[in-house]
1. Looking only at strands (runs of 3 or more DSSP E) that lie completely in the range 30-116, which have at least 3 residues being at pLDDT 85 or above and surrounded by fewer than 20 Cβ atoms within 10 Å (Cβ to Cβ)?
2. So, of the residues in the range 53-96 that are touching a Lys or Arg at 6+ places or on another chain (Cβ under 9 Å) and of a type in the set (Val, Ile, Thr), which turns out to be farthest from Asp40 (Cα to Cα)?
Amino acid sequence: MNIFKRTFQYLIVIFTLIACVPNPKKLGTEKADAPLPSDDGYSIIFYEINNYALIYVNDELYFDTRKNPETEKEPTMVKLPSNTIKLRLDIYNAECITCTKNSWEVVYELYKDGIALEYVTESSDGKHTEVGIVNSHTLNLEEK
């Protein structure tokens, strides 16, 4: 009887260990396939943009994600000019005629010399929002 009890205990331990080992296909994170930040100056990596963002450097439009359609589909790194002092990101929600709800989301990280300074993730939590600017972030990089 003791041999059956001991075998049962071993089986429980083995099944517990197997259950605790993660599936290697599910180990990826949203940053897994992201490009590396620039190791020289400021850069931004957009992990998610729905729908689009305008990046202003020193009050002048520098980058429009609508001109790079891949930005909405895959992580994108944007290298900022060396004279960047003031950075503003305006996040927009575009019209969606075929959607039952028009939500938005942005996930990005700001880097200086390859070191993360700020990680931002914001969304409408899947709720319907109006078309137009939904969020604006202004950063004074002289202080960073």
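1. Working: elements: 42-50, 52-57, 60-64, 76-79, 86-93, 105-112.
Counting at least 3 such residues, we get 52-57, 60-64, 76-79, 86-93.
2. My answer is Ile55.
The values are calculated or read from the model by the stated rules, or taken from the named source; none is laboratory data. Everything numeric here is computed off the predicted structure, so don't read it as measured data. Reconstructed Cβ throughout: ideal geometry from the backbone, glycine too, with neighbour counts over all protein chains shown.
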